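Notes to accompany the following structure.
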Amino acid sequence: MRFIIILLVYAHLFSFANPSFAISSKNDSYLRTLINGEMEKFVFHKDPKPVENLLVFSESGKEVDLLNLGNKFMLINFWATWCAPCVKEMPSLDQLQSLFEENDLKIFTVATGRNNQNKITSFFKKYSIKDLENFRDPKGELAISLGVFGLPASILISPKGNEIARLIGPIDWVQSDVVNFFKTITP
């Protein structure tokens, strides 16, 4: 229970810290034109942050490094079966993946913490999640190493393996501004 309270406090504090981050690059003005509506909830880093590995467990229990799967842009969504906002956003996240080839944008859902694989599988069936694979971070090690302190949390990874943006909290992933952003940055 203490962990959940700490997690909620950090999530609340981090949500107010988002405006302190800014986009700063050669394409600054171009990127700013893409960031409106739901995309304004993302935190874009001034400098990309290298990610060393994204170790998770597959549905079969095999350890997998998501960085080795050869995708271009990756969106890593941390969630939990007990997280109401996570449950609410998952169908639209599934719809977003259906709009893209996996080689252009691959969305990985990572159930972090104590999430039983049977419950995850049942959840995917119940909500007709068809275009997303489910992975687990059972001890929360990946989430902690990436500084994820609230759920849902989504991290955008560039083709070079750098974290370029993150979002704490849910959004509607099929709003036109979100879809347009991803269509613009992918081939």
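For residues that are more than 15 Å from the chain's Cα centre (by Cα) and polar (S, T, N, Q), scanning just region 109-144, find the one that is most open to solvent (accessible area, probe 1.4 Å).
Ranking the qualifying residues of region 109-144, first place goes to Asn118.
What number of residues within region 119-145 satisfy the criterion of being in contact with a strand residue (DSSP E or B) (Cβ under 7 Å, 6 or more places away or on another chain) and either assigned to a helix (DSSP H, G or I) or of a type in the set (Phe, Trp, Tyr) (or both)? Show your work before the answer.
Narrowing region 119-145 to residues in contact with a strand residue (DSSP E or B) (Cβ under 7 Å, 6 or more places away or on another chain): 120, 124, 132-138, 140, 142-143.
This time we only want the ones that are either assigned to a helix (DSSP H, G or I) or of a type in the set (Phe, Trp, Tyr) (or both), so: 120, 124, 135, 142-143.
Qualifying residue count, region 119-145: 5.
Just one of the numbered conditions (1) within 23 Å of Phe42 (Cβ to Cβ); (2) part of a helix (DSSP H, G or I); (3) open to solvent by 20 Å² or more (accessible area, probe 1.4 Å) is not true of Leu151; which one?
Of the numbered conditions (1) within 23 Å of Phe42 (Cβ to Cβ); (2) part of a helix (DSSP H, G or I); (3) open to solvent by 20 Å² or more (accessible area, probe 1.4 Å), the odd one out for Leu151 is (2).
Which residue pairs have Cβ atoms closer than 7 Å, lie 6 or more positions apart in sequence or on different chains, and pair a first residue in region 96-107 that is more than 13 Å from Thr184 (Cα to Cα) with a second residue that is open to solvent by 30 Å² or more (accessible area, probe 1.4 Å) and of a type in the set (Val, Ile, Thr)?
Correct list of pairs: Leu96/Val174.
Write out, first by first residue and then by second, each pair whose Cβ atoms fall under 7 Å of each other, whose residues are 6+ apart or on separate chains, and whose first residue, in region 150-164, is more than 13 Å from Phe78 (Cβ to Cβ) while the second is outside any strand (DSSP E or B) and of a type outside the set (Val, Ile, Thr).
The qualifying pairs are Pro159/Lys72; Gly161/Leu67; Ile164/Ser158.
When you go through Phe73, Phe57 one by one, which is the residue that is hydrophobic (A, V, I, L, M, F, W, C) and more than 13 Å from Ile107 (Cα to Cα)? Step through it out loud before you land on a result.
Values: Phe73 fails: more than 13 Å from Ile107 (Cα to Cα).
Every option except Phe57 fails the conditions.
Are any residues in region 71-108 part of a helix (DSSP H, G or I), hydrophobic (A, V, I, L, M, F, W, C) and loosely packed, with under 15 Cβ neighbours inside 10 Å, and if so, which ones? Walk me through it before giving the result.
Filtering region 71-108 for residues part of a helix (DSSP H, G or I) gives 84-98.
Next, only the ones that are hydrophobic (A, V, I, L, M, F, W, C) stay: 84, 86-87, 90, 93, 96.
Scanning region 71-108 gives a single hit, Ala84.
The values are calculated or read from the model by the stated rules, or taken from the named source; none is laboratory data. Since the structure is predicted, the reported quantities are computational estimates derived from the model, not experimental observations. Quick reminder, even Gly has a Cβ in these numbers, built from the backbone with ideal geometry, and neighbours come from all protein chains shown. All accessible areas refer to the heavy atoms of the entire protein, side chains included, with ligands and DNA or RNA removed. Shrake-Rupley method; radii C 1.70, N 1.55, O 1.52, S 1.80 Å.
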